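As structure tokens, the structure follows; a few thoughts come after it.
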Amino acid sequence: NEIKIFCPATIANLNCGFDVLGLCLEGIGDEMIIRKSTEKGIKITKITGADLPLETEKNVAGVAALAIIHDLDLEHGFEIEIHKKIKAGSGIGSSSASAAGAVFGINELLGKPFAKHELVDFAMKGEAVASGCEHADNVAPCLLGGFTLVRGYNPLDVIRIESPSELYAVVLHPHIEVKTSDARAVLLPMIPMKDAIKQWGNLGGFIAGLYTNDYNLIGCSLNDVIVEPARKHLIPNFDEVKNTALQNGALGSGISGAGPSIFALCKGQEIAEKVAFSMSESYQNTGITFDIHLSKIN
Ligand code: HSE
């Protein structure tokens, strides 16, 4: 009647896949405890580690939980405890972890009436409370693990993508907040055809690289000619950190989700450690505190 779950952080976009590509990170995430209650509906009973609303309708976990129980004629409800480790506005899927965790936990306690990929739709409803729009590129990898691609939103079609065994992700998280809604407001509503061609060429190349274990193809496809140029001014020292990562052997680097976190993908643990060290060094002189995380991709 009670479940304790780990809700992993995620990297959305991965440069070439704005709003469609995502990646699950190992070892960094929130904890949630969900229990059945005799009272109907959803009650958020406790939140630690962040100043977030306890009102169910204003809380991403609450809204996602309401979405999953909406169509089920249940005689009981659920209580949710959230223990945040991922900071809000960090660019590694803080709100998604809560939304995905809520629907995953409830589904488990109900005996799995829904398949994992069906949970993405419910989690997305919660995610929308935080970002102002429904996007699944964080909740999908959070629920399914590894790399995921949202092939379509209407209807929602999410695919889990295979990846080579030696890939590592490094994430540098500067301790400043960038609201997803603000980072979306700087984007242009229209893009030139020549940029769209580059972007979808890279997205195809990236997916092909993952399936064929072609690390060079993965690296040269990790480009973003549309979103990064519009957003990078929101992140102090972005260019320096990215260039340092590339000079030290990263396959590619860019903004994690809506920022301010900066990610790099690397082949092998040794290079990933070197890249993490160099990224940290290049951030020291900003005067902004940060943390850095290294994750093997499964
Ligand atoms: N794809 C979204 C964005 C992710 O970049 O706005 C934000 O969490």
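What to note about this one:
- Across the stretch 64-83, the number of residues qualifying as more than 13 Å from Leu119 (Cα to Cα) and within 16 Å of the ligand (Cβ to nearest atom) comes to 0.
- Scan of the stretch 94-115 for residues that are touching an Asp or Glu at 6+ places or on another chain (Cβ under 9 Å) and small (Gly, Ala, Ser), ordered by number: Ser94, Ser95, Ser96, Ala97, Ser98, Ala99, Ala100, Gly101
- Residue selected from the stretch 215-237 under the condition in contact (Cβ under 8 Å) with a residue 40 or more places away in the chain and away from the ligand (no atom under 16 Å from the Cβ), by the criterion surrounded by the fewest Cβ atoms within 10 Å (Cβ to Cβ): Pro236
- All positions within the stretch 243-272 that are within 15 Å of the ligand (Cβ to nearest atom) and touching a Leu at 6+ places or on another chain (Cβ under 9 Å): Gly254, Ile255, Ser256, Ala258, Gly259, Pro260, Ser261, Ile262, Phe263
- Among residues of the stretch 245-262, those that are assigned to a helix (DSSP H, G or I) and crowded, with 23+ Cβ neighbours inside 10 Å, counted: 1
- Of all residues in the stretch 177-191, those that are over 13 Å from Ser131 (Cβ atoms) have Cβ atoms under 7 Å from Cβ atoms of residues that are near the ligand (Cβ under 10 Å from one of its atoms) and assigned to a loop (DSSP other than H, G, I, E, B), 6 or more apart or on another chain, in Glu177/Gly89.
- Yes/no for Gly93 being touching a residue at least 24 places away in the same chain (Cβ under 8 Å) and away from the ligand (no atom under 16 Å from the Cβ): no
- Scanning the stretch 44-68 for residues that are touching a residue at least 24 places away in the same chain (Cβ under 8 Å), more than 17 Å from Ile5 (Cβ to Cβ) and outside any loop (DSSP other than H, G, I, E, B) yields a total of 4.
- Screening Glu240 with (1) of a type outside the set (Lys, Arg); (2) within 16 Å of the ligand (Cβ to nearest atom); (3) farther than 14 Å from Ala169 by Cα gives one miss only, at (2).
- Scanning the stretch 179-190 for residues that are under 23 Å from Gly252 (Cα atoms) and surrounded by fewer than 21 Cβ atoms within 10 Å (Cβ to Cβ) turns up Arg184, Leu187.
- Which numbered condition Ile5 misses (of (1) part of a loop (DSSP other than H, G, I, E, B); (2) of a type in the set (A, V, I, L, M); (3) under 18 Å from the mean Cα position of the chain (by Cα)): (1)
- Every condition in (1) of a type outside the set (A, V, I, L, M, F, W, C); (2) in contact (Cβ under 8 Å) with a residue 60 or more places away in the chain; (3) within 11 Å of the ligand (Cβ to nearest atom); (4) surrounded by fewer than 20 Cβ atoms within 10 Å (Cβ to Cβ) is met by Gly132 except one, and the failing one is (2).
Every residue, every condition in (1) over 30 Å from Gly205 (Cβ atoms); (2) in contact with a Leu (Cβ under 8 Å, 6 or more places away or on another chain); (3) modelled with pLDDT under 95, yes or no:
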| position | (1), (2), (3) |
| --- | --- |
| Leu21 | no, yes, no |
| Glu26 | no, no, yes |
| Met32 | yes, no, no |
| Ser37 | yes, no, no |
| Ala61 | yes, no, no |
| Glu81 | yes, no, no |
| Phe104 | yes, yes, no |
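- Total residues in the stretch 69-117 satisfying the condition of being in contact with a strand residue (DSSP E or B) (Cβ under 6 Å, 6 or more places away or on another chain), assigned to a loop (DSSP other than H, G, I, E, B) and surrounded by fewer than 24 Cβ atoms within 10 Å (Cβ to Cβ): the figure is 4.
The values are calculated or read from the model by the stated rules, or taken from the named source; none is laboratory data. It should be emphasised that the depicted structure is a prediction, and the values quoted were computed from it without experimental measurement. Cβ coordinates were reconstructed from backbone atoms using ideal geometry, including for glycine residues, and neighbour counts include every protein chain displayed.
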